[in-house]
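S.K.: For reference, the structure I am asking about is given below.
Derivation of every value follows stated rules applied to the coordinates shown; laboratory data play no part. What you are looking at is a predicted structure, and each value in this text was computed from that prediction instead of being measured. Ideal geometry is used to build each Cβ from the backbone, glycine not excepted, and the neighbour counts take in all protein chains shown.
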Amino acid sequence: MSNIGEYGKVYQNFNWDISERELGYNKGDTINIGEYCSDRICKMGKGDKLALIWEGFSGESKKYTYNDIRIRSNTIASFLKNLGLKPGERICLFMDRIPELYIGFLGVLKLGGIAQPLFSAFGAESLFTRLEDAQTAAIITQKKHAPKLKTILGQLPYLKHIIIVDDDGSKALREKELAFHLEKEKQIESFDIFPSKAETPSVLHYTSGTTGKPKGAQHVHYSLISQFISTRYVLDLHDDDIYWCNADPGWVTGTSYGIIGPWANGVTQCVLDSGFKAETWYKFIEKHKITVWYSAPTAIRSLMKEGDETVKKFNLSSLRHLCSVGEPLNAEAVLWSKKVFGLMFHDTFWQTETGSIMISNYPGMPIKPGSMGKPFPGITATVVDLKTYEPINKAGVVGLIAIKPGWPSMMRTYWNNETTYQSKFKNGWYICGDRASIDEDGYYWFVGRDDDVINTGGHLVGPFEIESALLEHEAVAESAVVGKPDPINMEVVKAFVALKAGFEPSKMLDLEIMNFIRKKLSPLAMPQEIEFVASLPKTRSGKIMRRLLRAKEWGEEIGDTSTLENE
Ligand code: PRX
């Protein structure tokens, strides 16, 4: 029996009090995600149950019970407190997917700090933009990532501490660095958890837009109400499930459904700190008898590419429910998963800003392969006209996905950027920035983004950030960055570059620029292709027309070019 039962009935009768009641939360009470994800589960008598089964890329493994994560998150919280860190300060988690990241996240929240997770592959510039904007007070990281801070430290006056979780004494610690060992530290049985209230800030997740710097979507502890119940209804977690979420907590899926959702539900989750390799992934599922798997279209397409024979080498019969998020899940991928796993992937749609699943396929609800499904209970969604923002109310007509504000896990602002936050609301709706249509049965069909943001393998990258970084290369005069189609990643980054006088296009320069971006920003932001051009198409007002370059890549109609300066 699925947790949600009959979707239609639940949708009609739902209100968020149901989730509050199940969590034992009364309005006005304190609510701390760190406490709900560990202490509360122990109080329910599940202290000895496994919370985390972790495997590293070289096969090493660790296991933690709920009591272990309760005590260890206390230990981290207490360590941070003793450093003088205060509630409300931003504390960045900049680590690979190691236990310290997951448990540290709870520790920061228990202290009352605002957890700022950042993808560990970020280079110095990506890191700097986000630490500077958040005025981050401390960063928890690993020895191998700490050197990225070296060149930017002087420009980060608010950063007081760099906490290294794997220091082995082999090298002297540098300025502001100090060592913390999750296991060797004196374990703190009881910690005075910060009495956060519903609206107390909890997590700050940076996400890229078309223009300007990445924006910090700021969430609050009350987001738990959405994350808890959507984990139950969509991921369908039961007490005896073994759950695996592929996502890195540098992105919102990795926190909302890779930490908070499963642990608030007292479920055992597995983490694999290794990149994609079909055999390793299947082996992981087989070994731990994973039952529920939350993945992403790029990963599914990559598995598909490896072929059906690879799947057959493993016993994957433990799997009972599959979900996907982050990019369009094509019908072929859904049908393939039915063929090889006997189960269809359930597509889910949401965003960093929404904090939890907005539109989804539910256990028991018939899947139309290629559709994102229907709105989550408690969520009023529609598509609105591209210009008037009025609901379209007509099947099959494409508009902007819009959601009525007011669900618990909605971001409360963009950090330091209330104006951009306000601009997301039109005509009483929160506008996601995606185009879709709704069919006669109420199913949502994704069409594409309504802006220039590139979704590569489920990760959003802002063209502006890459273009700005490109301009810092000595050979680059002008640049424009767009997404180009890719069979696995949906889109990859392509850069059009006009060179300064004295520089000639060459394979060497091409590689040099690619590497320059990889190191400065991240491997995801690195252009997979650079096309050298004499000049870039611009509007009369001098704005580069990415739309035109993108349309060419996708073989689409170019549309209105009447404002082009140099056509
Ligand atoms: O464009 C949509 C796409 O990813 C965007 C949100 O990205 P991010 O904030 O990084 O969060 C991703 C994980 C929650 C959306 O605006 N997106 C997300 N899910 C889907 C999707 N596109 C198509 N189908 C989906 N299921």
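S.K.: Want the number for Ala551 to Asp439: 0.36 nm per residue separation, take away the alpha-carbon distance, what's left?
M.R.: Working: separation 112, 0.36 × 112 = 40.32 nm, distance 2.64 nm.
So the extension gain works out to 37.7 nm.
S.K.: Let me ask something additional. If R0 is 60 Å, what FRET efficiency do you get for Lys63 and Phe503 from their C-beta distance, rounded to 0.05? Write out the running numbers ahead of the final one.
M.R.: On the way: r = 55 Å, r/R0 = 0.91.
Efficiency, rounded to the nearest 0.05: 0.65.
S.K.: Additional query: Would you mind calculating the relative contact order of the chain from Cα pairs under 8 angstrom and at least 6 residues apart, reporting the percent as a whole number?
M.R.: The normalised contact order for the chain reaches 13 percent.
S.K.: Over 18 Å, how big is the tail of the calculated P(r) for region 51-176, in percent of all Cα pairs?
M.R.: Counting every Cα pair in region 51-176, those more than 18 Å apart make up 53 percent.
S.K.: Separate question: In region 7-435, if the dipole is taken from +1 on Lys/Arg beta carbons and -1 on Asp/Glu beta carbons about the Cα centre, which of Pro377, Ser318, Gly113 is farthest to the positive end?
M.R.: Pro377
S.K.: For an R0 of 22 angstrom, estimate the FRET efficiency from the Cβ-Cβ distance between Asp17 and Thr413 and round to the nearest 0.05. Present the calculation step by step, with values, prior to reporting the outcome.
M.R.: Numbers: r = 25 Å, r/R0 = 1.15.
Once rounded, the FRET efficiency stands at 0.30.
S.K.: Ile98's amide H: which non-local residues (gap 5+, or another chain) put their own amide H closer than 5 Å, with H modeled 1.01 Å from N in plane and none for Pro or chain starts?
M.R.: none
S.K.: Give me the distance between the Cα centres of region 178-256 and region 111-168, rounded to whole Å.
M.R.: Spelled out, the Cα-based centre of one part sits 18 Å from the other.
S.K.: Sticking with this one: By DSSP, what percent of the beta bridges with both residues in region 454-554 are antiparallel, rounded to the nearest 5?
M.R.: On the way: 14 of 18 bridges.
So the antiparallel bridges amount to about 80 percent of the total.
S.K.: Can you list the trypsin sites (Lys or Arg not before Pro) in region 6-51 that are in a DSSP coil and have 10 or fewer other beta carbons within 10 angstrom?
M.R.: Filter output for region 6-51: Lys27.
S.K.: Ok, one more. Across the Cα atoms of the chain, what radius of gyration and what greatest pairwise Cα-Cα distance (Dmax) are found, in Å?
M.R.: Rg then Dmax for the chain, in Å: 23.4, 71.
S.K.: What are the ³J(HN,Hα) values, in whole Hz, obtained from phi via the Karplus relation 6.51 cos²θ - 1.76 cosθ + 1.60 with θ = phi - 60°, for each residue of region 322-339 in sequence order, with x given for Gly and Pro?
M.R.: 10, 9, 9, 7, x, 7, x, 9, 5, 4, 4, 5, 5, 5, 5, 5, 4, 5
S.K.: Would any residue of region 57-87 have its amide N under 16 Å from a label point 7 Å out along Cα→Cβ of His181? List them or say none.
M.R.: Under cut-off, by backbone N: 76.
S.K.: Just flag the trypsin sites (Lys or Arg not before Pro) in region 306-341 sitting in loop per DSSP whose Cβ has no more than 16 other Cβ atoms within 10 Å.
M.R.: Passing sites in region 306-341 are Lys313, Arg320.
S.K.: What is the dipole size for the chain, taken about its Cα centre, with +1 at each Lys and Arg Cβ and -1 at each Asp and Glu Cβ, in debye to the nearest 20?
M.R.: Once rounded to the nearest 20, the dipole reads 780 debye.
S.K.: Rounded to the nearest 5, what is the percent of antiparallel bridges among the DSSP beta bridges in the chain?
M.R.: Values: 48 of 86 bridges.
Taking every DSSP beta bridge within the chain, about 55 percent pair in antiparallel fashion.
S.K.: Further question: Along Cα→Cβ, 7 Å out, is where each label goes; now give me the distance between the ones at Asn515 and Ala172 in nm to one decimal.
M.R.: Output for this residue pair reads 3.1 nm.
S.K.: Between region 41-82 and region 377-442, what's the alpha-carbon centroid distance in Å?
M.R.: Distance between centres, Cα-based: 38 Å.
S.K.: While we're on this one: Rounded to the nearest 500, what is the chain's calculated 222 nm mean residue ellipticity when only DSSP H runs of at least 4 contribute -39500 (n - 2.57) each, over all residues?
M.R.: It comes out at -7500 deg cm²/dmol, rounded to the nearest 500.
S.K.: Report the charge-dipole magnitude of region 454-554 in Debye, nearest 20, computed about the Cα centre from +1 at each Lys and Arg Cβ and -1 at each Asp and Glu Cβ.
M.R.: It comes to approximately 380 debye.
S.K.: Put +1 on the Cβ of each Lys and Arg and -1 on the Cβ of each Asp and Glu in the chain; which of Leu470, Met514, Tyr243 then has its Cα farthest toward the positive end of the dipole?
M.R.: Projecting each Cα onto the dipole axis, the largest value belongs to Tyr243.
S.K.: Note down the nm distance, to one decimal, between modelled labels 7 Å out along Cα→Cβ at Glu531 and at Lys312.
M.R.: If labels sit at Glu531 and Lys312, their model points lie 4.2 nm apart.
S.K.: Moving on to the next point. Would you mind getting me the FRET efficiency between Glu474 and Gln155? Use the beta-carbon distance for r and R0 = 25 Å, nearest 0.05.
M.R.: Efficiency, from the Cβ-Cβ distance: 0.70.
S.K.: Which ³J(HN,Hα) values, rounded to whole Hz and listed in residue order, are derived for region 378-389 from phi using the Karplus coefficients 6.51, -1.76 and 1.60 in 6.51 cos²θ - 1.76 cosθ + 1.60 with θ = phi - 60°, glycine and proline given as x?
M.R.: These are the phi-based 3J(HN,Hα) values: x, 10, 9, 10, 6, 10, 10, 4, 4, 10, 8, 6 Hz.
S.K.: Label points 7 Å out from Cα along the Cβ direction at Thr211 and Lys368: separation in nm?
M.R.: About 3.6 nm separates the two model spin labels.
S.K.: Still on this structure, please answer the following. Could you pull out every one of the lysines with an alpha carbon less than 19 Å from that of Lys171, ignoring same-chain neighbours closer than 8 positions?
M.R.: Those lysines meeting the cut-off are Lys143, Lys144, Lys148, Lys150, Lys184.
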